[in-house]
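Some notes on the structure that comes next.
The values are calculated or read from the model by the stated rules, or taken from the named source; none is laboratory data. Fair warning: this is a prediction, and the values are worked out from it, not measured in the lab. For neighbour counting, all protein chains shown are included, and Cβ atoms are generated from backbone atoms with ideal geometry for every residue, glycine included. For the accessible areas, the whole protein counts, side chains as well, though only heavy atoms, and no ligand, DNA or RNA atoms are used. Shrake-Rupley method; radii C 1.70, N 1.55, O 1.52, S 1.80 Å.
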Amino acid sequence: MLTFFRIVDTETKLHSKPAPLNARELARLRVILQHGGAVTIPEAGETAGTAYNFEANANAIALASFAAPFDKRIDILAIIEEAQFLGRSIRVRRDARGGEAVIQVSEHIAITPEIALTRDQADKVLDCLKLDREASPDMPLATLRSLLANPAIYDRFQRNGLANTYDYLARLSYTDCGEQHPHLAWA
């Protein structure tokens with residue numbers, strides 16, 4: 001089983017509100033994402049091509065690509081625009097079986113890629129950082145940056161054969177997320 005480390009923000013107030021997507025709009029959205037080269041990340045148990053619960057990084061797709069198919073849906077365009085402005089993914093979810101899908105700005109800050117580690121490697125990383133997986137699922141990037149500045153922490157990563165992971169986390173800890181409140185999350 002894999003553990004994913006990524007930057008999230010659950011504190012910044014969003015200006016857009018989640019908006020419903022009917023089946024045709026969801027299909028249009030998926031076509032735009034596919035043609036734009038955006039990778040959709042379905043939740044566990046979902047099939048990639050038919051997922052109702054997924055995230056996608058639409059930041060590399062021009063907002064104009066969404067304008068024509070959603071010209072009468074200003075709420076959807078506002079969500080995509082805000083996600084792009086904040087460097088975040090868009091999130092599509094369907095809560096109830098048979099209910100409409102909903103699009104919203106994701107908490108995932110997508111300007112940096114996720115890092116996937118095996119459960120054993122992730123446990124070693126958390127141990128190197130002196131963190132308990134069960135105590136907290138995330139930490140502020142500023143805290144991560146401070147921990148990684150400690151030579152003893154670097155030495156722990158080296159002894160566990162995780163020097164490359166240390167380097168990745170060090171670069172990640174200096175990610176400029178603007179006015180957002182970034183945290184490193186793992187799940």
Hull-based mean projected area of the chain, where the convex hull spans the alpha carbons, in square nanometres: 11.3
Estimated FRET transfer efficiency (Val39, Ala187; beta-carbon r; R0 22 Å; 0.05): 0.75
Net charge over other residues, Cβ less than 12 angstrom from the Cβ of Ile76 (K, R count +1; D, E count -1): -1
Straight-distance crosslink candidates among aspartates and glutamates, where the alpha carbon sits under 12 Å from Lys72 and sequence neighbours closer than 8 are dropped: Glu25
Cα centroid of segment 52-74 to Cα centroid of segment 170-187, whole Å: 25
Which of Phe4, Phe85 is most accessible, then next, and so on - probe 1.4 Å: Phe85, Phe4
Nearest 10 degrees, 0 to 90: helix 74-86 Cα axis against the chain principal axis: 20
The chain: relative contact order as a whole-number percent, Cα under 8 Å and 6+ apart: 31
Average Cα contact separation per residue, segment 85-136, under 8 Å, 6 or more apart, as relative contact order %: 28
Angle between the chain longest axis and helix 163-173 axis [Cα atoms, degrees, rounded to 10]: 60
Candidate aspartates and glutamates - alpha carbon under 16 Å from Lys13, same-chain residues fewer than 8 apart omitted: Glu81, Glu82, Glu107, Glu179
Relative contact order of segment 141-187, defined on C-alpha pairs under 8 angstrom at six or more residues apart (%): 50
